[in-house]
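Visitor: I'd like to ask you about the structure that follows.
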Protein chains: 2
Amino acid sequence: MKNFTYKNPTKIIFGKGALKEIGKEIKPYAKKVLFTYGKSSIKQNGIYEKIIDSLDANDIEYIEYSGIQSNPLLSHARKGAEIAKKYNVDAILAVGGGSVIDESKAISIGAVSENDIWEFILREVKVEKALPIFTVLTIPATGSEMNCGLVLTNEETYDKFGWGDEHLYPVTSILDPELTLTVSKEQTAYTSTDIIAHSVEAYFTRENDFTPFLDGYVENLVKSVIASNEVLLKDSKNLDARSNLMWTATMAWNGLNHCGAGKFYLNNHQMEHPISAIYGIAHGAGLAILMPAWMRYFKIQKKERLSKFFKAIFNEEDVDNGIKMFEDFLEKIGAPTSFKKAGIDEPDIEELTKLAMKGGEHRGTNLSKKDVKSIYELAV
Amino acid sequence: MKNFTYKNPTKIIFGKGALKEIGKEIKPYAKKVLFTYGKSSIKQNGIYEKIIDSLDANDIEYIEYSGIQSNPLLSHARKGAEIAKKYNVDAILAVGGGSVIDESKAISIGAVSENDIWEFILREVKVEKALPIFTVLTIPATGSEMNCGLVLTNEETYDKFGWGDEHLYPVTSILDPELTLTVSKEQTAYTSTDIIAHSVEAYFTRENDFTPFLDGYVENLVKSVIASNEVLLKDSKNLDARSNLMWTATMAWNGLNHCGAGKFYLNNHQMEHPISAIYGIAHGAGLAILMPAWMRYFKIQKKERLSKFFKAIFNEEDVDNGIKMFEDFLEKIGAPTSFKKAGIDEPDIEELTKLAMKGGEHRGTNLSKKDVKSIYELAV
């Protein structure tokens, strides 16, 4: 087990009806918030109204800033920071999934600095402060509601970079599983794949010493995603399964799944970011394309680890069978397990490889150019 | 899954050599600390010296307050609070196991109040403030290093009450597994039993709805304790196994093992506290006496849950066999599984029952007087 430091101050309010607490949570921190969200769907499903009621009841003014898209864009975050400055807001209320929360974190830095947001992400400038962030999660997947990370795409360069800073832990995140009952089958598949990818990145890329707690923690995350999906395939509005999936998503990327892991790499995320940046597909779809290919590429080198994993997840020790079972699970829930199945018949492997290597330079990687190219080829 | 709120701001610095960070962590909070510990053992094993070096290097004065015993006493905490007041310390540095940390938490409230510590624990007075607490953990077991609870014994009344308040989360806890290499075989057995008891209290007493993540989290804690002990029985100074056990202890009682559990009860703790209070045996020994008896008493009523548990832990679905295997494990590591095996030939079941019911009144219980008495009888 390797040395680590862990501190995660985010307050989670979890459960049916938790949404109504949001105003009370913000009140000690802000009189005026930037209320960020994506599309107008929150106005159709009643979430918007409930939030406004809670803000009004606590005398909190709000400036709306919507239009945040999946794979959020630097240009939109920059504009959000300008608006936050112009209206002099005290905090940010992000309502949505990981993309909305991630862009809101970027805005929270830009809103209190003269530097450009991208300078922070390139680590040219250190974060000294940020506006307090509050979140209402509507699509559980990225864990952004209980971590200090974000992923942002610079559309001028196609760079989609992951980055984090300890100022960016949300103060409070509302996890109300009722808000997730309307998540589509497709989105459930993609987000479930993302949760699994978060769970296993460290598990498969770190040095494997004696860490039964940590190993079991990760295996349990994956089993939990599968268990929720088995229920949701038959009953997509099952609140228990939605609740379990929501909490599993948070616990998969709040830092606990790599406490003691030591050095590890985000192989699948490094290689996925160029796919969604170029082809505009969902991040989880890109991960589903890559994960079985990654496993096949490393099936000899990481045989023991993969065998342990599949034994825990499917009670199957044979790695080839295990990969097939994992692929079957992804297909059953509706995630594409190859470029072709995602409708990308001829992926530009040269360009993908170039961008993945650039992403690797930014965050660090153990993958060579040959590894990256070969895995993309296996995923065609 | 039931509603919950979770917030745990304690910073954990984990790993070999982490001890030297303590002064740097305290510095922003305090110029003078009350340095609390138990016996002089920390002076023999070099911990004391390293702490003093780290405090000196950061210009932090310290007032020593030692003599904290297992099952810490109200009278000693009261005296500690007087000393903290007299010397006007800014913070408390607790070095030891759960008892030292628990008493230090009590001192941290008493040091800044005109009320008596016991008034807070009886919930007659609300905590408004407390001194910041820093801990160096030397005996992993209670999770007190990352929670806001404490257990204190009022020796005038034999009341051993558990209680908590959100002001009592340590600011920083140093978890240096090297400091635990010298934990005795006996203490390892008792603390391991305590960790298992923390893990399962909610698992066995709550309403069991669909919660695969939570169930698996708890089962993993127990498997992890067993895995570390299998190694430690052969090699008591194995740093990997000590590390895994240390982190498992923290993760077993920092709140995560009952996020979403809803209402639950501390049956084993409720019934153990009178045993250690009257007979002065280790808390973990008392738990080992009780847990198999508790399982036997509830083996019909909670058959399904016990079967799920033993399937996960021992791959054994039969409850009788499972209880026997659990008992065998406890005996193998050196924990007594009955009053007799702990050298208590004729436990005063009337008195134990009376005290356990009083403890149940304080914290809430689902056990009737008949349940309590019967379980004690089964444990003879």
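The values are calculated or read from the model by the stated rules, or taken from the named source; none is laboratory data. Model, not experiment: these values are computed from the prediction. Neighbour counts run over all protein chains shown; Cβ positions are idealised from the backbone, glycine included.
Visitor: For segment A:59-80, enumerate the residues that are out of contact with any Leu (no Cβ under 9 Å at 6 or more places or on another chain) and among the aliphatic types (A, V, I, L, M).
Guide: The answer is A:68, and nothing else.
Visitor: Of the residues that sit in segment A:259-276 and are assigned to a helix (DSSP H, G or I) and surrounded by fewer than 23 Cβ atoms within 10 Å (Cβ to Cβ), which one is farthest from the other protein chains (Cβ to nearest Cβ)? Let's see the steps before the verdict.
Guide: Within segment A:259-276, the subset assigned to a helix (DSSP H, G or I) is A:267-276.
If we keep only those that are surrounded by fewer than 23 Cβ atoms within 10 Å (Cβ to Cβ) too, we end up with A:269, A:276.
Values: A:269: 22, A:276: 27 Å.
Out of the qualifying residues, it is A:276.
Visitor: Given the residues B:32, B:24, B:86, B:50, which is the only one that is over 30 Å from residue B:207 (Cβ atoms), without any contact (Cβ under 8 Å) to a residue 24 or more places away in the chain and charged (D, E, K, R)? Break it down into steps so the answer makes sense when it comes.
Guide: Numbers: B:32 fails: without any contact (Cβ under 8 Å) to a residue 24 or more places away in the chain; B:24 fails: without any contact (Cβ under 8 Å) to a residue 24 or more places away in the chain; B:50 fails: without any contact (Cβ under 8 Å) to a residue 24 or more places away in the chain.
Only one candidate qualifies: B:86.
Visitor: Hey, another quick one. Considering (1) closer than 24 Å to residue A:51 by Cα; (2) touching a residue at least 60 places away in the same chain (Cβ under 8 Å); (3) not acidic (Asp, Glu), say which one residue A:106 fails and leave the rest.
Guide: Exception for residue A:106: condition (2).
Visitor: Ok, one more. So, in segment A:312-357, how many residues would count as being over 30 Å from residue A:215 (Cα atoms) and assigned to a helix (DSSP H, G or I)? Write out each step before concluding.
Guide: If we filter segment A:312-357 for residues that are over 30 Å from residue A:215 (Cα atoms), which is where we start, we get A:339-355.
Remaining after also requiring assigned to a helix (DSSP H, G or I): A:340-342, A:349-355.
Residues flagged as over 30 Å from residue A:215 (Cα atoms) and assigned to a helix (DSSP H, G or I) within segment A:312-357 amount to 10.
Visitor: Checking the condition under 22 Å from the mean Cα position of the chain (by Cα) and of a type in the set (Ser, Thr, Tyr), which residue from A:307, A:338, A:374 passes? Walk me through it before giving the result.
Guide: Working: A:307 fails: under 22 Å from the mean Cα position of the chain (by Cα); A:374 fails: under 22 Å from the mean Cα position of the chain (by Cα).
So the residue among A:307, A:338, A:374 that is under 22 Å from the mean Cα position of the chain (by Cα) and of a type in the set (Ser, Thr, Tyr) is A:338.
Visitor: Right, next: I'm trying to understand the selection: among the residues of segment A:1-59, which are basic (Lys, Arg), surrounded by 17 or more Cβ atoms within 10 Å (Cβ to Cβ) and within 14 Å of another protein chain (Cβ to nearest Cβ)?
Guide: A:2, A:11
Visitor: OK, next. Give me the residue from segment B:211-253 that is within 16 Å of residue B:181 (Cα to Cα) and free of Cβ contacts under 8 Å to residues at least 12 places away in the same chain and, out of that set, farthest from the other protein chains (Cβ to nearest Cβ).
Guide: B:234
Visitor: Take residue B:286 and decide whether it is touching a helix residue (DSSP H, G or I) at 6+ places or on another chain (Cβ under 8 Å), modelled with pLDDT under 95 and part of a helix (DSSP H, G or I).
Guide: It is false that residue B:286 is touching a helix residue (DSSP H, G or I) at 6+ places or on another chain (Cβ under 8 Å), modelled with pLDDT under 95 and part of a helix (DSSP H, G or I).
Visitor: Here's another thing I want to ask about it. Just one of the numbered conditions (1) assigned to a helix (DSSP H, G or I); (2) free of Cβ contacts under 8 Å to residues at least 40 places away in the same chain; (3) crowded, with 18+ Cβ neighbours inside 10 Å is not true of residue A:291; which one?
Guide: The one condition residue A:291 does not meet is (2).
Visitor: Okay, next question. Considering only segment A:344-353, state which residues are in contact (Cβ under 8 Å) with a residue 24 or more places away in the chain and either of a type outside the set (Val, Ile, Thr) or over 18 Å from residue A:270 (Cβ atoms) (or both).
Guide: Of everything in segment A:344-353, those that are in contact (Cβ under 8 Å) with a residue 24 or more places away in the chain and either of a type outside the set (Val, Ile, Thr) or over 18 Å from residue A:270 (Cβ atoms) (or both) turn out to be A:344, A:347, A:348, A:351, A:352.
Visitor: Do you know which of the residues in segment B:115-126 that are surrounded by fewer than 18 Cβ atoms within 10 Å (Cβ to Cβ) and hydrophobic (A, V, I, L, M, F, W, C) is farthest from the chain's Cα centre (by Cα)? Break it down into steps so the answer makes sense when it comes.
Guide: As a first pass, look at segment B:115-126 and keep what is surrounded by fewer than 18 Cβ atoms within 10 Å (Cβ to Cβ): B:115-116, B:119, B:122-126.
Pick out the ones that are also hydrophobic (A, V, I, L, M, F, W, C) and you get B:122, B:125.
On the way: B:122: 20, B:125: 24 Å.
Per the stated criteria, the residue is B:125.
Visitor: In segment A:24-61, what residues are over 25 Å from the mean Cα position of the chain (by Cα) and closer than 16 Å to residue A:170 by Cβ?
Guide: Once the filter is applied, which keeps residues that are over 25 Å from the mean Cα position of the chain (by Cα) and closer than 16 Å to residue A:170 by Cβ, segment A:24-61 yields A:24, A:27, A:28, A:29, A:30.
Visitor: How many residues, within segment A:105-138, are touching a His at 6+ places or on another chain (Cβ under 9 Å), farther than 25 Å from residue A:61 by Cβ and in a loop (DSSP other than H, G, I, E, B)?
Guide: Matching residues across segment A:105-138 total 4.
Visitor: Answer yes or no as to whether residue B:114 is modelled with pLDDT of 95 or more, among the acidic types (Asp, Glu), in contact with a Pro (Cβ under 7 Å, 6 or more places away or on another chain) and not assigned by TED's automatic domain parsing to the domain that holds residue B:361.
Guide: For residue B:114, the condition - modelled with pLDDT of 95 or more, among the acidic types (Asp, Glu), in contact with a Pro (Cβ under 7 Å, 6 or more places away or on another chain) and not assigned by TED's automatic domain parsing to the domain that holds residue B:361 - is not met.
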